[in-house]
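Q: Handing you this structure, nothing more for now.
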Amino acid sequence: MDCPKCRQDSLAEFGQVEGVEIDFCSRCKGIWFDAGELAFYVETAEDVPDMQAAIGAGRPSGLVCPRCSHELVETHYVPDEPLLIDVCPACQGIFLDKGEVPRIESLAARHGGLERVVATVRSLERKGYVILGGNISK
Ligand SMILES: [Zn+2]
Ligand SMILES: [Zn+2]
């Protein structure tokens, strides 16, 4: 497959890594994840915590999806975090540059936990409890 960054046929199946068949670029060391694979790889519920919002907020990246030839959009993995990823709005595949996988893993661990805490606090607030006296999502 053509690597979105290198624009040549340098993206190839690398074999199974942690149970996921990943496509790896031998030139730029980027990794392509088909829809569902990133979540499996980093052990989160979803590839991106809010995929629809991420695609909606995305900007044209000038990169082409190796699977379906749509233009990828550049977007934040989670809002308010500097980490940018390239997502295909059509097939929802994700291209990660070299070094982004560990950053996703640490963000996913942090935000996965945070989302659960926020959800718990919100549901308690709806029931009339006031906790911590502030806005936990900041
Ligand atoms: Zn490449
Ligand atoms: Zn695609």
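Q: Taking the Cα centre of the range 11-126 as origin, work out the dipole magnitude from +1 charges on Lys and Arg Cβ and -1 charges on Asp and Glu Cβ, in debye rounded to 20. Please list the in-between numbers first.
A: Details: 10 positive and 20 negative charges, 49 e Å.
For the range 11-126, the charge dipole is close to 240 debye.
Q: To continue, here is another question. May I ask you to evaluate 6.51 cos²θ - 1.76 cosθ + 1.60, the Karplus curve with θ = phi - 60°, for each residue of the range 61-67 and list the ³J(HN,Hα) values in order in whole Hz, giving x for glycine and proline?
A: In residue order, the calculated couplings are 9, x, 9, 10, 5, x, 8 Hz.
Q: Ile22's amide H: which non-local residues (gap 5+, or another chain) put their own amide H closer than 5 Å, with H modeled 1.01 Å from N in plane and none for Pro or chain starts?
A: Under 5 Å from the amide H of Ile22 lie the amide H atoms of Phe14, Gly15, Val17, each far enough along the sequence or on another chain.
Q: Residue farthest toward the positive end of the dipole of the range 11-126, with Cβ of Lys/Arg at +1 and Asp/Glu at -1: which of His111, Thr44, Phe24?
A: Result: His111, furthest along the dipole toward the positive end.
Q: Going by how many other beta carbons lie within 10 Å of each one, how would you line up Arg67, Arg110, fewest first?
A: Fewest-to-most ranking of Arg67, Arg110: Arg110, Arg67.
Q: Could you calculate the FRET efficiency of Phe40 with His70 from 1/(1 + (r/R0)^6), where r is the beta carbon distance between them and R0 is 22 Å, rounded to 0.05?
A: So, using R0 = 22 Å, E works out to roughly 0.45.
Q: Taking amide hydrogens as modeled 1.01 Å from N in the peptide plane, which residues meet the under 5 Å criterion relative to Gly36, leaving out close sequence neighbours?
A: The list, which skips near neighbours in sequence, is Asp47.
Q: Moving on. Rounded, prolate or oblate for the range 1-105? Axes are the square roots of the Cα gyration tensor eigenvalues, ordered a ≥ b ≥ c, and the cut-off for rounded is a/c under 1.5.
A: Judged from the Cα gyration tensor, the range 1-105 comes out oblate (a/c at least 1.5, b/c at or above a/b).
Q: Then there is this: Convert each backbone phi in the range 100-110 into a coupling constant with the Karplus relation 6.51 cos²θ - 1.76 cosθ + 1.60 (shift: θ = phi - 60°), then list the ³J(HN,Hα) values in order as whole Hz, x for Gly and Pro.
A: For the range 100-110, the Karplus-derived couplings read 7, 4, x, 5, 4, 4, 6, 5, 4, 5, 5 Hz, x marking Gly and Pro.
Q: Modelling each spin label as a point 7 Å along the Cα-to-Cβ direction, I'd like the Arg103/Gln8 distance in nm, to one decimal.
A: If labels sit at Arg103 and Gln8, their model points lie 2.6 nm apart.
A short reminder: the numbers here are calculations on the coordinates, not readings from a lab. None of these values were measured; they are calculated from a predicted model. Cβ: placed from backbone, ideal geometry, glycine included. Neighbour counts: every protein chain shown.
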